[in-house]
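Asks: One structure follows; several queries about it will come next.
No value in this document is a laboratory result; all are computed from the given coordinates. None of these values were measured; they are calculated from a predicted model. Virtual Cβ from ideal backbone geometry, glycine too; neighbours counted across all protein chains shown.
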Amino acid sequence: MREDVLEALMPYLVERLGRVYERNKDYRQAIEREDKIYEKLKQGLTQEQKSQLDEYFVATKAMAGVCEKLSYQQGIRDLFSFCISMISKREDRE
């Protein structure tokens, strides 16, 4: 049941997180720096090497996205567990 709720919430949570990233100055600066370094790295490469580099970065960013999603989901699970634990403790005292 909790997995169903979490899966239903994920699109909204991911959208919200995206807005948080967009508003964060440090994040925007890090993206700009990453893009500049990436463009420098691509200079002087053959078309095939550029394609391979692009494939590599797509794969690593996809993997990072999976890790980020798993971390976020685990954080939500931990928060739910904590809240349930606190409610149970409160009910035990009453």
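Asks: Given the DSSP H assignment, sum -39500 (n - 2.57) over each helix run of at least 4 residues in the chain and divide by its residue total; what's the result at 222 nm in deg cm²/dmol, nearest 500? Spell out each step's value before the answer.
Replies: On the way: 3 runs with 87 residues, N = 94.
Mean residue ellipticity, 222 nm, calculated: -33500 deg cm²/dmol.
Asks: Measure nothing but the geometry: give the 0 to 90° angle between the long axis through the Cα atoms of 47-93 and the longest principal axis through the Cα atoms of the chain, rounded to 10°.
Replies: With rounding to tens, the tilt is 10 degrees.
Asks: Would you mind checking the tilt of helix 25-42 against the longest principal axis of the Cα atoms of the chain, expressed as 0 to 90 degrees and rounded to 10?
Replies: Taking the Cα atoms of the chain, the angle to 25-42 is about 30 degrees.
Asks: May I ask for the net charge around K61, where only other residues with Cβ less than 14 Å from the Cβ of K61 are counted and Lys, Arg are +1 while Asp, Glu are -1?
Replies: Working: positive: K69; negative: E34, D35, D54, E55, E68.
Spelling it out: positives minus negatives among the neighbours equals -4.
Asks: With all distinct Cα pairs included, what does the Kirkwood hydrodynamic radius of the stretch 2-93 come out to in Å, to one decimal, could you say?
Replies: Numbers: mean 1/r = 0.0603 Å⁻¹.
Result for the stretch 2-93, one decimal place: 16.6 Å.
Asks: Next question, about the same structure. So, by mean Cβ neighbours within 10 angstrom, what's the order for 41-48, 6-13 with the highest one leading? Could you put the intermediate results ahead of the total?
Replies: On the way: 41-48: 9.2, 6-13: 11.8.
Put in order of decreasing packing, that is 6-13, 41-48.
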